[in-house]
1. Taking the stated definitions as given, is residue 264 in contact with a Ser or Thr (Cβ under 9 Å, 6 or more places away or on another chain), within 30 Å of residue 339 (Cα to Cα) and not hydrophobic (A, V, I, L, M, F, W, C)?
2. Could you check the stretch 112-213 for strands (runs of 3 or more DSSP E) lying wholly inside it with 1 or more residues that are acidic (Asp, Glu)?
3. Could you tell me which of the residues 367, 400, 384 is within 30 Å of residue 258 (Cβ to Cβ) and at pLDDT 95 or above?
4. Go through (1) over 21 Å from residue 24 (Cα atoms); (2) in a helix (DSSP H, G or I) one by one and return the number of the condition residue 49 breaks.
5. Of everything in the stretch 553-598, what is within 33 Å of the chain's Cα centre (by Cα), surrounded by fewer than 18 Cβ atoms within 10 Å (Cβ to Cβ), closer than 24 Å to residue 417 by Cβ and of a type outside the set (Val, Ile, Thr)? Give them in sequence order.
6. Considering only residues that are crowded, with 20+ Cβ neighbours inside 10 Å, without any contact (Cβ under 8 Å) to a residue 40 or more places away in the chain and of a type outside the set (A, V, I, L, M), which ones fall in the stretch 320-363?
7. Which members of the stretch 153-182 meet the condition of being surrounded by fewer than 16 Cβ atoms within 10 Å (Cβ to Cβ), of a type in the set (A, V, I, L, M, F, W, C) and touching a residue at least 40 places away in the same chain (Cβ under 8 Å)?
8. I need a count of the residues in the stretch 239-255 that are in contact with a Ser or Thr (Cβ under 8 Å, 6 or more places away or on another chain) and assigned to a helix (DSSP H, G or I).
Amino acid sequence: MCKECRKGSYYITTPIYYPSDNLHIGHAYCTTVADCLARFHRDLGEDVFFLTGSDEHGLKIQRKANENGVTPQAYVDKIIANFKLLWRQLNISNDDFIRTSEPRHHKVVQDVLQKIYEQGDIYKKNYKGLYCVPCESYWLERQLVDGKCPDCGRPVEEMEEESYFFKLSKYEDWWLQFIEEHPDFIQPVSRRNEMINFVKQGLEDLCITRTTFDWGIPVPFDKKHVVYVWFDALLNYLTGIKYGTDDAFFHKFWPADLHLVGKEIVRFHTIIWPIMLHAMGVELPKKVYGHGWLIVEGDKMSKSKGNVVDPLALIDEFGADSIRYFLLREINLGSDGNFSRDALINRINADLANDLGNLLHRTVSMINKYHGGIITAAGYSAPIDEELKGLIADTAASYIRYMKGMELNSAIKAVWALISRANKYIDETTPWLLAKDPAQQPRLQTVLYNLAEVLRITAILIEPYIPATSPKIYSQLGLAVPERFLLEEAVFGKLADGTKVGQPQQLYPRIEVTEEGDTLIGGKRYEHKAAPAEKKEEPAFVPEPIKEEITIDDFAKIDLRVATVVAAEKVKKSKKLLKLQVRIGEEERTIVSGIAEHCEPVELIGRNIIVVANLAPAKLFGIESKGMLLAASDGEGNLVLADAPGIKSGSRVK
């Protein structure tokens, strides 16, 4: 199909989750990331299809059902109901939910299996191997780690049975060539390198059927066998977009733009799945992205440790948008992320209640108080207004660039830098003083219009992250809530003159934590039952030795000044350096600093930092640096800038 025919469409999938038990916060993270990307592409005006679902077959499910005295279908039906409840509560906007136990999927799997069998890529033999039931995977002795499954660390079982095999090894050279020609297919790069090393060790043919249990899709050419889980599960991505039943619909969305999966199943999605598709004669997806794990308080989630986090309980306590915001803001996609209750509460209070909530409440309150609730575009503009408009345009552009590059937390940081700047803009323009002088009415109208515009545009940009919040912002601004928050509307000046705002409402109540560890949210108390944690001896922090003494005269030679960061960017070809444009009083100068791994450029703009102003200039990467900023570092990867909020630029530090 021609590429032009797919213009404007976007197909994204999550893995289909295994219903051996209810989902935890790690599953919620993956699906929230996918939902954020799906919403973003809808906001771009694209036709999006977002698929999630459940992988329901296999020996583990059959054993679980037997233990509970029910059929496998009855067992999974109950758990799937909780899956769907979680996605509704979390505001997940999936277009379909695929279940591998559905007849539509059985037909696809059987048709594909028959096709590949008839072309000679499937054969039968007796097989004896080491099998991990939880992972539904056979392993060779050399692949085990300490005699256990290399993926999950559990014991393996020796099994022998008659099975059909897919000729995976036949396509080893083709796969290596494909990855070389399509370097972006597997992301991030670290996962691609892992997969290349795995394949270069030699691919084994894949066992794709079983006879020791019957909870699965019957093999069309041998009814004694059922299809093995991965050959069944991976085909869900085709079933969901009507492969074999509606060619026009299928070709509208295939090849998939993105398969988002956890790093533990990257191997199946980037080796087995492409080879299956190649053998079928079907075009490969554009990208598979393996995200990291979500750990709790620094430890991997485990029932035995009692630290599995129930997302439904968190949503009930803190709200879906708060959980979504934390997961997307706090974690770098591709890296492991840490979930902690304290970090969640701090993020909600600082970003949602203080920064965003206060900006909306102050703005709507002032428009009601000073202008009878009417937003007026006066047309008066001062340099500070033009600077704010410029930041709005830059933020929208950066946001789109980051989102397209799947840098989700960088995108939302850019938006929050705009929110912070708008809060500072209030303090700088002092609307409460302007309101006292009738001659300043045009100026006051301009200031309030600008703030309302920041909020309107912010609502558009944050919709993929916290979709229930954006309509609340629009409603308080007196705007009709659109069916879709289109990014083309995130342009300054589209707020209609004469708009009447609503009454200010609290977006996010501030969370208080009691001495017992309970939370108080909007007058409601939530009891916190902490999971038992293993006590770990933390090594004592040993600071660097203090340098030799200097005299007061030596110290007096150092001129420390407060400097305001007016621009910041990464230095090309350097991972560590940032180029900062700072203002010290009336003077502007450039300082190059090795803080790129600790600070995002957008977070520094407008910040007052402390610098050594009389340090001799030096050239770094061809850039002349005049000065050095101060920061504290513990040598363990933690760094905090020395700053001076509220102190005028150029002030001396004594």
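1. On the way: in contact with a Ser or Thr (Cβ under 9 Å, 6 or more places away or on another chain): no; within 30 Å of residue 339 (Cα to Cα): yes; not hydrophobic (A, V, I, L, M, F, W, C): yes.
Judged against the criteria, residue 264 is not a match.
2. Working: elements: 122-132, 137-139, 157-166.
Once the strands (runs of 3 or more DSSP E) in the stretch 112-213 are filtered for at least 1 residues that are acidic (Asp, Glu), what remains is 157-166.
3. Working: 367 fails: within 30 Å of residue 258 (Cβ to Cβ); 384 fails: within 30 Å of residue 258 (Cβ to Cβ).
On inspection, the qualifying residue turns out to be 400.
4. (2)
5. Matches in the stretch 553-598: 567, 569, 570, 572, 574, 575, 576, 581, 594, 597, 598.
6. Selection gives 326 alone.
7. Correct list: 174, 178.
8. 2
The values are calculated or read from the model by the stated rules, or taken from the named source; none is laboratory data. Since we're looking at a predicted model, the values are computed, not measured. We place every Cβ from the backbone using ideal geometry, glycine too, and count neighbours over all the protein chains shown.
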